[in-house]
Amino acid sequence: MNEPGIQSLMDQETLERRVRDGETPGWVADHWWTFSEGLLGERNGTPFPCFFGAESVQQGEPLYTAVPSMSEADDLLTLRDRILEYLEIYRDHSERASLVTFFKPPETPSSEREYHDALWHILQTLHLHDPEPWPDDIPTDPDDPYWEFCLGGEPMFPTCRAPFYDQRKSRYCPIGLEITFQPRALFENLGVTANTDAGQHAREVIQDRLEEYDGVCPHADLGDWGVETDREWPQYMFSEDETQAPDECPMTVTREHPKPAARLP
């Protein structure tokens, strides 16, 4: 961790120092400033809705990496390696240590549809080149309420911020794509999964803040893992314009491992 280069796994102190000393490209610095200001600031007199995330940034707990492309093979395989490295160490780093990934923005502005396509291209690529089999207890069908993205044998929740959000500012990043990876074990260790009283209370607080912060009702796809009527995959990148978002999960998951003909899509 904290090796030279923006594609290394960095703790928050190292990222801040590298940005401050001009050791990162401008897009990485822009990502960091907008990310930290977004989570630590207020909108409509309301703090950022996810108080766990805001407190973790305030305490310097997340880990970070930057990805120079949303599509280049080498960059996505390096991202895979950083996620696997993160999974090995996050428990010892902090109980709220999510992995925040900053992607270099495209040269020309992208549409909402293109950002949805980019997200699922990234997740599909990670799955195709996963060194570990898909966990036995996680379904492979994204239409199952117990499905969620997995890598390295770990179920996790990747949540995105992107430039196309005009209304849902809690998901807005003016620079480019951001994906924050949060292992399910992180929520379980904090005791805030949906099947606990603490988890239900946290969700009520977050949803109240969300409506005040965004100025609109919480998204119709917002839900909980394992609830029969809810699905995980649409929550990774909420739609702003539903006509530009996929109707079905674009990701194909297989238990075949290792994948003998894995190719970057």
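Among the residues of segment 67-81, not a single one is in contact (Cβ under 8 Å) with a residue 12 or more places away in the chain and under 16 Å from Gln12 (Cβ atoms).
Only a single criterion out of (1) farther than 17 Å from Thr180 by Cβ; (2) at pLDDT below 95 is not satisfied by Phe52, namely (1).
Does Gly199 satisfy the condition of being under 20 Å from the mean Cα position of the chain (by Cα), surrounded by 15 or more Cβ atoms within 10 Å (Cβ to Cβ) and at pLDDT 75 or above? When the stated conditions are applied, Gly199 does not pass them. Taking the listed residues Glu61, Glu95, Glu88, the one that is at pLDDT 95 or above, more than 14 Å from the chain's Cα centre (by Cα), farther than 15 Å from Ser8 by Cβ and not basic (Lys, Arg) is Glu61, with no other qualifying.
Among residues of segment 205-221 being touching a Phe, Trp or Tyr at 6+ places or on another chain (Cβ under 8 Å) and of a type outside the set (Phe, Trp, Tyr), the one that is modelled with the lowest pLDDT is Asp221.
If the condition is being closer than 16 Å to Pro68 by Cα, in a strand (DSSP E or B) and of a type in the set (A, V, I, L, M, F, W, C), then segment 97-122 contributes Val100, Phe102, Phe103. Report yes if Glu178 is buried (at least 19 other Cβ atoms within 10 Å of the Cβ), among the charged types (D, E, K, R) and touching a Leu at 6+ places or on another chain (Cβ under 6 Å), otherwise no. Here the answer is no, as Glu178 does not meet what is asked. Once segment 58-87 is narrowed to residues that are of a type in the set (D, E, K, R) and not in a loop (DSSP other than H, G, I, E, B), the residue that is surrounded by the most Cβ atoms within 10 Å (Cβ to Cβ) is Arg82.
Residues are listed down the side, and each one gets a yes or a no for (1) free of Cβ contacts under 8 Å to residues at least 40 places away in the same chain; (2) part of a loop (DSSP other than H, G, I, E, B); (3) within 16 Å of Glu240 (Cβ to Cβ):
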| position | (1), (2), (3) |
| --- | --- |
| Gln124 | no, no, no |
| His127 | no, no, no |
| Glu132 | no, yes, no |
| Thr159 | no, no, yes |
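Looking only at segment 15-26, decide whether some residue is touching a residue at least 60 places away in the same chain (Cβ under 8 Å) and not hydrophobic (A, V, I, L, M, F, W, C). Yes.
Of everything in segment 222-248, what is of a type in the set (Phe, Trp, Tyr) and modelled with pLDDT of 90 or more? Give them in sequence order. Let's see the steps before the verdict.
Within segment 222-248, the first condition is being of a type in the set (Phe, Trp, Tyr), and the residues that meet it are 225, 233, 236, 238.
Scanning segment 222-248 gives Trp233, Tyr236, Phe238.
Select from segment 231-257 the residues that are among the aromatic types (Phe, Trp, Tyr) and closer than 18 Å to Gly176 by Cα and list them in ascending order. Within segment 231-257, Tyr236, Phe238 qualify.
The values are calculated or read from the model by the stated rules, or taken from the named source; none is laboratory data. Note that the structure is a prediction, hence the values are computed from the model and not measured. All Cβ positions, glycine included, derive from the backbone under ideal geometry; neighbour counts span all protein chains shown.
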